[in-house]
Structure formats: structure tokens, C-alpha cells
Amino acid sequence: MSKFISYLIPILTLAIFILLMNSTPYLKPDDINRDLNNLEKNIDVANWKESQIDIKEIKSNFRRTVSLIQFFVEKDDINNLTNNLARLESSIKSKNKSSALLEVGEARQRWDTIGE
């Protein structure tokens, strides 16, 4: 019986860690994708005040999400997306439509591939 338990504990531990490491797609909320779509629409019509509200909401949602996924994704992925959101916010403040749309596309791509 003790030999069975000595095999069972490491196997269960490994199984739990494997499940946790592969759970990133389930921990990522859809809020950020929805907010990025709203932001892109607002930038297209040059609604800069709404865009500033949207980017603040995206950054807030991302900060909450990072606490859930930080152990399961690479730090570089989180840092790259954080930098991308900062550039996006600056593009919105400067009312640069082409740069803002470029950054929205890059942020969406980074968000979709984070944790893969």
C-alpha cells in the first residue's frame, strides 16, 4: 500500500501541474477582445474621447488578468503586450489614427497568442 501511495503522489502532482500549465486559454477573459473591437471602431470614426476611456478599461482588465495568468505564460509575452498597450495609449493621446490602428492590430494578435 505504501509503495502504491509513493507512486501515486508524484503522478498526481505532475498531472495537476500539467493541467494548470495548459489552463491559460480558459483563464483569459473575452473582455479584452471585446474592448479591443470597441476601441478599433472608435478609432475608425476618430472618437478620441471614447477611445481614451476604452484604452483605460483595457489596461485595467489586463492588469486583473495578469494576476491570473502570470504563472502560466512567459514574462516576455506579458511585457510585450504591456508595452504595446502603452504605445497604443500614446497614439490615442496624440490622435494618430494610423499608428493607433496598427497598435490595436498588434495588441489583438499578441492577446490571441499569449499562453500558446
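Read the figures in this text as sums done on the coordinates, not as results from a lab. Just so it is clear, the model here is predicted, and its values are computed rather than measured. Glycine gets a Cβ as well: all are built from the backbone with ideal geometry, and neighbour counts include every protein chain shown.
Show the residue pairs meeting these rules: Cβ distance below 8 Å; 6+ apart or different chains; first residue within the range 60-74 and more than 14 Å from Pro25 (Cα to Cα); second residue assigned to a loop (DSSP other than H, G, I, E, B).
If the second residue must be assigned to a loop (DSSP other than H, G, I, E, B), the pairs left are Asn61/Pro29.
Considering the range 86-99 alone, what residues qualify as being touching a residue at least 24 places away in the same chain (Cβ under 8 Å) and buried (at least 18 other Cβ atoms within 10 Å of the Cβ)?
Those that are touching a residue at least 24 places away in the same chain (Cβ under 8 Å) and buried (at least 18 other Cβ atoms within 10 Å of the Cβ): Leu88, Glu89, Ile92.
Which of the residues that make up the range 55-105 are hydroxyl-bearing (Ser, Thr, Tyr) and more than 12 Å from the chain's Cα centre (by Cα)?
If the condition is that a residue be hydroxyl-bearing (Ser, Thr, Tyr) and more than 12 Å from the chain's Cα centre (by Cα), then Ser90, Ser91, Ser94, Ser98, Ser99 are the ones that fit.
When only residues in the range 5-54 that are among the basic types (Lys, Arg), assigned to a helix (DSSP H, G or I) and surrounded by 10 or more Cβ atoms within 10 Å (Cβ to Cβ) count, which is nearest to the chain's Cα centre (by Cα)?
That would be Arg34.
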